[in-house]
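What follows is one structure encoded as structure tokens, with my remarks underneath.
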Amino acid sequence: MEESIKQDCLNKINEVYLEIENKIDFSQPKLQIQLQRANVQKEFLEKASDKCVEIINLNYTEKEKASSIIEFVQAKIKEKSIELMGY
């Protein structure tokens, strides 16, 4: 069950990433792209976190049981956030 929840969260993170990345106009000069990336990063972090919290809350009522999934989700969101910034 835990792996299934992790996969569901990872799918949501990737879905939100693609949605947010589509807001960046890559035809702009490099500095403009970096500014756009910075502007959408917060939105990505919030949306991805919210989606994963929903999934976790549907499957767990005790926080202790969800701790490994929460750690996994935090790491994946951080990875994608860095990727969104172009690093």
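The values are calculated or read from the model by the stated rules, or taken from the named source; none is laboratory data. The model shown is predicted, which means the values in this text are computed figures rather than measured ones. Positions of Cβ are backbone-derived with ideal geometry, glycine not excepted, and every protein chain shown enters the neighbour counts. Keep in mind that these areas ignore ligands, DNA and RNA; they rest on the heavy atoms of the full protein, side chains included. Shrake-Rupley method; radii C 1.70, N 1.55, O 1.52, S 1.80 Å.
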**OP:** Would you please name the residue that is farthest from residue 84 (Cα to Cα), looking only at residues in the stretch 39-66 that are open to solvent by less than 50 Å² (accessible area, probe 1.4 Å) and not polar (S, T, N, Q)?
**Re:** 60
**OP:** Working only within the stretch 1-26, note down all residues that are within 24 Å of residue 68 (Cα to Cα), open to solvent by less than 80 Å² (accessible area, probe 1.4 Å) and either of a type in the set (Lys, Arg) or in contact (Cβ under 8 Å) with a residue 24 or more places away in the chain (or both).
**Re:** 2, 5, 6, 8, 9, 10, 12, 13, 14, 16, 17
**OP:** Tell me which residues, restricted to the stretch 67-77, are among the charged types (D, E, K, R) and either in contact with a Cys (Cβ under 7 Å, 6 or more places away or on another chain) or surrounded by 12 or more Cβ atoms within 10 Å (Cβ to Cβ) (or both).
**Re:** 76
**OP:** Give the stretch 27-37 a look and list any residue that's closer than 10 Å to residue 86 by Cβ and open to solvent by 50 Å² or more (accessible area, probe 1.4 Å), or say none.
**Re:** 30, 34
**OP:** Could you tell me which numbered condition residue 56 fails, if it satisfies all but one of (1) in contact with a helix residue (DSSP H, G or I) (Cβ under 7 Å, 6 or more places away or on another chain); (2) modelled with pLDDT of 90 or more?
**Re:** (2)
